[in-house]
Amino acid sequence: MNSNLPQAQSVEEVFALFDRHGEVYYGEDINQNQHAVQCAELARREGASPEMIVATLLHDVGHLLHLDVGLVHDQDVDDDHEATGAKYLAKVFPPQVTRAIAMHVTAKRYRCAVEPGYFDTLSEASVLSLAIQGGPLTGEEIERFERHPASNDALALRDWDDRGKSVELSNEMPRDYFEMALSVAI
C-alpha cells in the first residue's frame, strides 16, 4: 500500500470520488457506481445497520482513490484497495465502517478456504483477483480471521459484494446514500 495517499477530510470529498470515477468499469459487467449502490441496497434490504450499509457502499473506494491520484492498476499486482480505502476513510468514518472495508478481501480468502463450493460462485474478475490477493487463507490465517472482532461484519460485506454485480439491479446513485453517510460520520 502506498502510504503517501491522502486521507479524506469530509464525506463530500469521499462522494466526489464517485462523481469523478464511478463510471469506470473494473472487470465486471457493471461500473463502480452501480456495484457500490447494488451492494448497499442489498445490505439495506437485509436490515443492516447504517454503518454497515455505508461500509458496503464504500468498500471499493480504494480503487477510486487509486484512479484519482493517477495510479494505474496492474491486473497482476494486488493494489491493496481494501487497506487503502479503510485508511483513506479513517478520519471521516468510525471503525464500524472502516474495519469491514479493511477485511473484505480477507473475508473472500477465508470463505474460499472454509466453505466448500464458495470459490465456484465467484465472478471471473473475483477469481482472478483472488490469486493475486494471496489465494485461500491458511490454517493460522483462518484462526486469526475468526478471532477478529470485525470478522462477521467483513463476511456480511463480502456476501453483499459478491451479489452486487448484476446488470439488472438498482439504478440509484451513490449520492442517494449521502445523508446516511453524514449520519454515521465521525
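For this structure, a couple of remarks:
- Of all the listed residues (D29, D79), the sole one being of a type in the set (D, E) and closer than 22 Å to T106 by Cα is D79.
- Restricting region 147-170 to residues that are over 17 Å from the mean Cα position of the chain (by Cα) and in contact (Cβ under 8 Å) with a residue 60 or more places away in the chain, the residue that is farthest from V37 (Cα to Cα): V167
- Residues in region 1-45 that are closer than 23 Å to G164 by Cα and assigned to a loop (DSSP other than H, G, I, E, B): G22, E23, V24, Y26, G27, E28, D29, I30.
- Subset of region 127-141 that is of a type in the set (G, A, S) and under 17 Å from A102 (Cβ atoms) - its residue that is nearest to the chain's Cα centre (by Cα): S129
Taken together, the values in this text are just the output of simple stated rules run on the coordinates, not laboratory data. Source: prediction; values computed, not measured. Note that each Cβ is placed from the backbone with ideal geometry, even for glycine, and that neighbours are counted across all protein chains shown.
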